[in-house]
Amino acid sequence: MYVITIIFLFGGLTLLLIGVLLKERSVSHIILLSGWVIFGLYWLTQIPHFLDIGDLFNAMFCLLGTILFFYFAYHELLNIRWKEYVSSLSYIAGITAVGGLFYYSIEKIEPLAKGLIYIVASQSVWFLNLFGLDAELGSFVYNLETHEFHLTILGIDPPISIILACTGIQSIAIFVGILIVTRSDRGLWVPWLKRFLKEKPPKDVKRSKIRSWLWDNKKGRMRKVRDMSDNSRFFRAFMYTIPIIYVLNIFRNVLIIWGSANEVLGPDTFYIAHNQLSKILSLAVLIIMVFITFELLPECQEQVVGLFDLPQRVKPGMVKDGFIEVKFDKSKDKIKKKKGVKKKGKKARKK
């Protein structure tokens, strides 16, 4: 079973990568469809594992992920039937392939996983010693139930283990995928930015000093983004995400271990700090970094927003230049309805 899941995992990601790189779109859509289905099957196989270890959150997350990947496969099927190309679908496939191969290669290749865990654990121990704890590294243990390597930190009570999830590699992989896949395309965002910079703040914004300040501040930041070189934009996006995630994660580990050793929040300090507080803060930091990336790389924002238009794609001909024209289609339908009402009114008057 383990071999089959590995085939689903790397097979699906590889197909997604090939589908994105292929220039022949008719073949590319078939490969992308296959890649989404196979990768979705991998996530489906993980649900029983998480249920066995009592991790309902990750089991539900895998179920939702499976549904999402099959949904992307459905739209690739529409691309084949309607001979269309949705840019956002290829974009998310590229991020999934690059980020997934980056993360799962480290997770599944033992020397890489153990090496990263050791580096993070040793740096965490160094900071713990600065905080007055006599901590030291223990030895690696492989957990057969969770299929994870554990590196125990000794000298504290209770002993705490560092695993791959404690390295922040999942979040890092997301931004690795974004930065590698995103290509500079000022044509996607410069037109709307010009319109935004010319806009006057709405009346409700003018009434609030704080909202007026935010409005002006936003314009000032976007002018800077417009005037930056593409290399500068991408470099800043890198520096504001990946290194910061790594450093913050080290301090997260240190604070959780130090707090648990000193029972800062009582006997359940580890559970509260690790399973509740740190997850909420990590999610908040991740959201902030996504918004920073959107601001520095508006190309990324445009592609991600395009994914939210997929449910509106109900018939062929709605895709233009790789994006779904939802507003245009709706206005067209309204015009038809108005014309229909007028015609019915004329017939009624004749009668």
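Bear in mind these aren't lab numbers, they're just calculated from the coordinates by the rules spelled out. Keep in mind it's a predicted model, so treat the numbers as computed, not measured. No Cβ is skipped: glycine too gets one built from the backbone with ideal geometry, and neighbour counts run over all protein chains shown.
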Exercise for review: Quick one: angle between helix 230-239 and the longest Cα principal axis of the chain, in degrees between 0 and 90, rounded to 10, please.
Suggested key: 40 degrees
Review point. Pairing the Cα long axis of helix 2-21 with the longest principal axis of the chain, what angle in degrees results, from 0 to 90 and rounded to the nearest 10?
Key: 40 degrees
Check your understanding: With springs only between Cα atoms under 10 Å, which of L51, L77, L296 fluctuates most in a Gaussian network model of the chain?
Key -> L51
Review point. Given a cut-off of under 8 Å on Cα pairs at least six residues apart, what relative contact order in percent is computed for the chain?
Key: 15 percent
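To the nearest 0.05, how large is the calculated FRET efficiency for S232 and N129 if R₀ is 56 Å and r is the Cβ-Cβ distance? Numbers along the way, then the final one.
Numbers: r = 39 Å, r/R0 = 0.69.
About 0.90, to the nearest 0.05.
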**Study point:** Translational diffusion coefficient (Stokes-Einstein; Kirkwood radius from C-alpha pairs) of the range 1-101 at 10 °C, 1.306 mPa s, in µm²/s
**Key:** 116 µm²/s
Exercise for review: Just the ratio, please: alpha-carbon radius of gyration of the range 249-327 over 2.2 N^0.38 Å, N its number of residues.
Suggested key: 1.81
Point to revise | the range 38-46 - phi-based ³J(HN,Hα) in whole Hz, Karplus 6.51/-1.76/1.60, Gly and Pro as x | key: 5, 5, x, 5, 4, 5, 5, 5, 7
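Counting residues in the range 63-172 as N, plug N into 2.2 N^0.38 Å and put the Cα Rg over that result. All intermediate terms of the calculation are to be shown ahead of the outcome.
Numbers: Rg = 20.1 Å, N = 110, 2.2 N^0.38 = 13.1 Å.
Relative to the rule-of-thumb radius for its length, the range 63-172 sits at 1.53.
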Revision key, fill the gap. In degrees, nearest 10, the alpha-carbon axis of helix 242-261 is tilted away from the dominant principal axis of the alpha carbons of the chain by 50 degrees
